[in-house]
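Enquirer: Structure below; questions to follow.
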Amino acid sequence: MGKKLVICESPGKIKKIQSYLGKDYIVKASVGHIRELKKGKEGIDKKNDFEPAYQISADKKDVVKELKDLAKKCDEVILAGDYDLEGEAISWHVAEVLSLNLKKTKRIIFKEITEKAIKEAINNPTILNMNMVNAQQARRVLDRLVGFDLSPLLWKKIKLGLSAGRVQSVALRILVEREKEHKSFDSTSDYKVVAI
């Protein structure tokens, strides 16, 4: 039986996870996100349902090369990103870069790094949660479309270095637009007369 490659996010988790899984497994880390949206207008195709376009981050090229080389040598790749939107997205990006079959690639989830939690996750794998991946991508696209454009305005009007935040900027914009609608609304009185 060949080795199985487990890919987590943090290099700090490798040693513990490796000790719990044993010699049949190789544990490596993606060291966080391995891809980012392309710069400028190339990052999001507004004419094609806001389709994001990704590229491998410059500082992750060596990590990606190592993961690809190991994936070729192993019988199986298991995704072990953190259990949150970012972790699910990181696992998806790894799967995409390694050309893994999303329906067949195992995804393990653990909320603590203990022997019991790791072995339970290995024995009860799932697949990527594409709803979580899509939610993270939507947030990232909103960041680019609204948040990134709003930050320079804050620097100019309020204070240099302020960040418009992630989707808080979008939520704030929606609130402001609704408030404008409320202020521009003209109320009128209507009466209904019923007589016998």
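The values are calculated or read from the model by the stated rules, or taken from the named source; none is laboratory data. Just so it is clear, the structure is predicted and the values come from calculations on it, not from any experiment. When we count neighbours, we look across all protein chains shown, and the Cβ atoms used for this are built from the backbone with ideal geometry, even at glycine. Remember, those area values only see protein heavy atoms, side chains included, never the ligands or the DNA or RNA. Shrake-Rupley method; radii C 1.70, N 1.55, O 1.52, S 1.80 Å.
Enquirer: How far is it, in nm, from the label point at S57 to the one at Y83 when both lie 7 Å from their Cα along the line to the Cβ?
Expert: Between S57 and Y83, the simple spin-label model gives 2.4 nm.
Enquirer: Taking R0 as 25 Å, what's the FRET efficiency between I158 and V31 from their Cβ-Cβ distance, rounded to 0.05?
Expert: 0.15
Enquirer: Towards the positive end of the charge dipole of the chain, with charges on Cβ (+1 Lys, Arg; -1 Asp, Glu), say which of L154, F50, G40 has the farthest Cα.
Expert: The residue sitting farthest along the positive end of the dipole is G40.
Enquirer: Could I ask something else about it? Hey, what do the phi angles of the range 34-45 turn into as Karplus ³J(HN,Hα) couplings, whole Hz, using 6.51/-1.76/1.60 and θ = phi - 60°, x for Gly and Pro?
Expert: Result, rounded to whole Hz: 10, 10, 9, 5, 4, 6, x, 5, 5, x, 9, 8.
Enquirer: I've got another one for you. Given the whole protein assembly as supplied and a 1.4 Å probe, what does the accessible area of I26 come to in Å², nearest 10?
Expert: Rounded to the nearest 10, the figure is 40 Å².
Enquirer: At 222 nm, what value in deg cm²/dmol follows for the chain if DSSP H runs of at least 4 each add -39500 (n - 2.57) and the sum is divided by all its residues, to the nearest 500?
Expert: -13000 deg cm²/dmol
Enquirer: Can you give me the angle between helix 148-157 and the longest principal axis of the chain, using Cα atoms only, in degrees from 0 to 90, rounded to the nearest 10?
Expert: That helix lies at roughly 60 degrees to the long axis.
Enquirer: Rounded to the nearest 10 Å², what accessible area does T114 show when all protein chains are kept and the probe is 1.4 Å?
Expert: About 50 Å², ignoring ligands and nucleic acids.
Enquirer: Okay, next question. Order of 116-126, 92-102 by packing, highest average Cβ count within 10 Å first?
Expert: 92-102, 116-126
Enquirer: For A117, what charge total do you get from the other residues with a beta carbon under 12 Å from its beta carbon, if Lys and Arg give +1 and Asp and Glu give -1?
Expert: +2
Enquirer: Excluding K28 itself, calculate the net charge of residues whose Cβ lies under 13 Å from the Cβ of K28, where each Lys or Arg counts +1 and each Asp or Glu counts -1.
Expert: Taking every Cβ under 13 Å from that of K28, the sum is +4.
Enquirer: Kindly state, to the nearest 0.05, the FRET efficiency for K119 paired with E76, given R0 = 22 Å and r defined as their beta-carbon distance.
Expert: In this case the efficiency is close to 0.85.
Enquirer: Let me ask something additional. Would you mind checking the tilt of helix 85-97 against the longest principal axis of the Cα atoms of the chain, expressed as 0 to 90 degrees and rounded to 10?
Expert: Compared with the principal axis, the helix lies near 60 degrees.
Enquirer: Local charge sum around M132 (other residues, Cβ-Cβ under 12 Å, Lys/Arg +1, Asp/Glu -1)?
Expert: Summing Lys and Arg as +1 and Asp and Glu as -1 gives -2.
Enquirer: So, one more: Compute the long axis of helix 130-142 from its Cα atoms, compare it with the longest principal axis of the Cα atoms of the chain, and write down the angle in degrees, 0 to 90, nearest 10.
Expert: 50
Enquirer: Residues of the range 37-70 with backbone nitrogen within less than 20 Å of a virtual label 7 Å along the Cα-to-Cβ line of L145, please, listed as ranges.
Expert: 37-55
Enquirer: Can you figure out the FRET efficiency of K3 with D45, using R₀ = 25 Å and their beta-carbon distance, to the nearest 0.05?
Expert: For R0 = 25 Å, the calculated efficiency reads 0.05.
Enquirer: Let me have the relative contact order for the range 54-196, percent, based on Cα pairs under 8 Å that are six or more residues apart.
Expert: Normalised by residue count, the contact order of the range 54-196 is 17 percent.
Enquirer: Name the long-range amide H neighbours of I127: under 5 Å, sequence gap of 5 or more, or other chain; modelled H, no Pro or chain starts.
Expert: Long-range HN contacts for I127: R107.
Enquirer: Still on this structure: Counting only DSSP beta bridges with both residues in the chain, tell me the antiparallel percent, nearest 5.
Expert: That works out to approximately 35 percent antiparallel.
Enquirer: Can you compute 3J(HN,Hα) from phi for each residue in the range 104-121, using the Karplus curve 6.51 cos²θ - 1.76 cosθ + 1.60 with θ = phi - 60°, rounded to whole Hz and x for Gly and Pro?
Expert: After applying 6.51 cos²θ - 1.76 cosθ + 1.60, I find 10, 7, 7, 10, 10, 10, 9, 9, 8, 9, 10, 4, 4, 5, 5, 5, 5, 5 Hz.
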